[in-house]
1. In square nanometres, what is one fourth of the surface area of the convex hull spanned by the alpha carbons of segment 295-391?
2. Using every Cα-Cα pair within segment 232-336, state what percent have a distance larger than 20 Å.
3. Between segment 348-404 and segment 95-165, what's the alpha-carbon centroid distance in Å?
4. Based on C-alpha coordinates, I'd like the Rg and Dmax of segment 247-303, in Å.
5. With a cap of 12 neighbouring Cβ atoms within 10 Å, and only residues DSSP puts in a loop, list the GluC sites (Glu not before Pro) found in segment 273-355.
6. How many nm is it between the label spots at Glu170 and Asn242, if each spot is 7 Å from the Cα in line with the beta carbon?
7. Taking R0 as 30 Å, what FRET efficiency do you get between Met291 and Lys214 from their Cβ-Cβ distance, rounded to the nearest 0.05?
8. For Tyr354 and Glu97 in one chain, what is 0.36 nm times their gap in residues minus the Cα-Cα distance, to one decimal in nm?
Amino acid sequence: GYGPGNLRQHFTPDDDLKWICADHYPEDHREVIEEQQELDIVGENLEDPLQEKGPLLETGKHHIDVDQAILSDLRDPRWMIREKALIALNVSEPLSEATLQAILGAVKDEEQSVRETAIRVLGEQAKVSDMALRELVDITVAYPVTNSDLAYEVLNGVVRSESGIQRLIEMLQDEDYSVRLVVLRVLRAQARTSQTVVDAFAGAVRDKHADVNKFATKVLEVQNTFPETAIRILIGTLQDKNSSVRIDAARLLRSKIRSFSIAEEALVGAIRDTDSNVRLEALGALGDLEMMSEFAVQGLVREIQDESHLAKEEVRVLCHHSRSSPPAISALVSIISDTGSTNRLMVLNILNSYADLQGSVVLALVELLKDEARTIRRAATRLMLHNIEKLPNSAILTLTRLLEGDDQDVRRIAVRILGRHVRSSTAARRGADGATRHSRMEAKGRDSLSELSESALQVVIATLIDKDSKVRTSAANI
């Protein structure tokens, strides 16, 4: 076509664009100029019938004449005429199958400019034709990179409408996994604004092909807005036969558990999954919660009490929440106080890594100092020494009562803990009037102790004549 002034465009065999002037270029360009002039004449002949035979439009005969002329030009040996024929197509309405096939033939044209024009024309037709849309997706999948990249770009224009999005989503049922993958790649940008698209990605997590499944999962992992409908789709995915699919679903629900209570309930059920990785994801999600619900705590306790397997991770999650969740605290006290439970020692060992034990848990530990099992007594002692600076008043009083008991091992443990408590007490190290200050604190109802009360100190003094030398030594140190 014409450019500025009397210049004309000309593509060299190397696809370089040159502007040719008939008056100034050498004679060897004359053939190119004449070919361009012929092309302009052809273009005029294609447009003239629409102006001269307008009344024939009512019968549709003129459309047939024009389509036949265009189809004939698409077979012309000159690439510029083929390209002009593609541009002349009216793609705002569905084309005939013959015309569509001619466009698809042009997609394979030896001339790059014709190929690119054909793909763009096909993209416009895809907005009104399902057949063209499918062919465009197939091009994205099967053709060389230069064509597929352009086809992918054109497809992004199709999904700007809601109808285009819905038509692509329907193609996620295609048997060819590469088609499903292309559809997801095109829809990815729409996931930020379309709930329908997010739901489609949630459904694709269950896809039977790993590439499709992983791509959908990666997109959802970085998705900020997440509708409840997508959450429910993922919850259903937790029942999939494929364990890797269930793992992906559990991981996605874990990232959304703080926003949706239904996700927490579903993951409580997932801690009973037959696959260990699914269970770990579910337990990790429950551990991520700021405040675990009573429903979740009960689910963990059921797993801990089930002696058919070692519920170490379940205990770890429960211990993690023992600092903030009252139901978790009560559950721990119940477990370690149950003399018939085989999991008590495991719970105590895991609790040893937590420094902020609540008062009710510490009181339960004091009672364990009298347990018949030596391993339990030792574990409870370690825990109390680990939390020595935060022993509540009630725990101190219970320890002093243990000093008056008949069990020599219990007295040794009790006096050892009391001694460690006194040494760690800031007020005791300062030598202040601890007894008086303790009385004031006790009157205010505080559950802490800076040093031993007068009554507790009297009990310690009495143990200076204990028959066990280790008890006497510890009492003297206090």
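1. Values: hull surface 21.9 nm².
In nm², the orientation-averaged hull projection of segment 295-391 is 5.5.
2. Details: 1794 of 5460 pairs.
Roughly 33 percent, rounded to a whole number.
3. 74 Å
4. Rg and Dmax of segment 247-303, Cα atoms, are 9.9, 27 Å.
5. Values: sites: Glu281, Glu290, Glu294, Glu303, Glu307, Glu313, Glu314; in loops: Glu290, Glu307.
Passing sites in segment 273-355 are Glu290, Glu307.
6. It is 2.5 nm.
7. On the way: r = 33 Å, r/R0 = 1.10.
Efficiency, from the Cβ-Cβ distance: 0.35.
8. Values: separation 257, 0.36 × 257 = 92.52 nm, distance 7.26 nm.
Result: 85.3 nm gained on full extension.
The values are calculated or read from the model by the stated rules, or taken from the named source; none is laboratory data. Note that this is a predicted model, so its numbers are computed, not measured. Counting neighbours? That spans all protein chains shown, and the Cβs are built from the backbone with ideal geometry, glycine included. Remember, those area values only see protein heavy atoms, side chains included, never the ligands or the DNA or RNA. Shrake-Rupley method; radii C 1.70, N 1.55, O 1.52, S 1.80 Å.
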